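Visitor: One structure is given below, represented as structure tokens, and several questions about it will come after.
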Amino acid sequence: MVRLKSRYLLCEVNVSDRSSLLLLDDRAVATAVKAAVARTHGDYGAALCSIRFSVKYLNAHTGIVFLRCPKSCYRLIWSALPFITSIENQGQKVPCFLSCLHVGGTIRTCQKFLVRYNTQQLHRMLPKCKNEEEKLQVRKAILNCTLIRRNEEAFEDEAETGEDDEE
């Protein structure tokens, strides 16, 4: 049995108007990436990357995209990403560009990187807050980003349900 190795590209869709992100779906992003690979690397690149290429995750609110591709051709996709200038969906063109934040061997490593990246972004936002209420909201968001805190909360929830059973 042969294991097929994949690479996951964690990308961010950058747009000027954040509301236009809601127009995107995974098929539109996949079509735009495949078209960019075909333009930059020709038929060879398009054929090589279309074998097991897929969009595994798209968050239309934050613009985060996970792309899965074979290990042998992730560099072709990675090098074609800067040539995406717009994504067309249902007859509407969304002017944007994709920036690759991380390349990982598993979705889990990409998720861990995304948590660290979001925490860094929130720390950058903290000095730019105008009043104490905004600072409090950003601090609360920073605390909610950590995986350890979520595990502790799950443990506390299990402990509370265990106490109810004893009574």
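Quick note: the coordinates plus some simple rules give every number you see, no bench work behind them. It should be emphasised that the depicted structure is a prediction, and the values quoted were computed from it without experimental measurement. Cβ atoms come from the backbone with ideal geometry, glycine included; neighbour counts cover every protein chain shown.
Visitor: Return the residues of the range 38-60 that are over 14 Å from the mean Cα position of the chain (by Cα) and closer than 19 Å to LEU101 by Cβ; say none if nothing qualifies.
Guide: Once the filter is applied, which keeps residues that are over 14 Å from the mean Cα position of the chain (by Cα) and closer than 19 Å to LEU101 by Cβ, the range 38-60 yields only PHE53.
Visitor: Only residues that are among the small types (Gly, Ala, Ser) and surrounded by 12 or more Cβ atoms within 10 Å (Cβ to Cβ): list them for the range 85-98, please.
Guide: SER86
Visitor: Identify the single condition in (1) surrounded by 17 or more Cβ atoms within 10 Å (Cβ to Cβ); (2) in contact (Cβ under 8 Å) with a residue 60 or more places away in the chain; (3) not hydroxyl-bearing (Ser, Thr, Tyr) that LEU58 does not satisfy, given that it satisfies every other one.
Guide: With (1) surrounded by 17 or more Cβ atoms within 10 Å (Cβ to Cβ); (2) in contact (Cβ under 8 Å) with a residue 60 or more places away in the chain; (3) not hydroxyl-bearing (Ser, Thr, Tyr) applied to LEU58, the lone miss is (2).
Visitor: Please tell me if VAL103 is of a type outside the set (Gly, Ala, Ser), under 29 Å from ARG139 (Cα atoms), in contact (Cβ under 8 Å) with a residue 24 or more places away in the chain and surrounded by 17 or more Cβ atoms within 10 Å (Cβ to Cβ).
Guide: So VAL103 fits the description; yes.
Visitor: Inspect the range 75-84 for any residue being without any contact (Cβ under 8 Å) to a residue 12 or more places away in the chain, farther than 21 Å from ASP25 by Cβ and surrounded by fewer than 19 Cβ atoms within 10 Å (Cβ to Cβ) and give the result as yes or no.
Guide: yes
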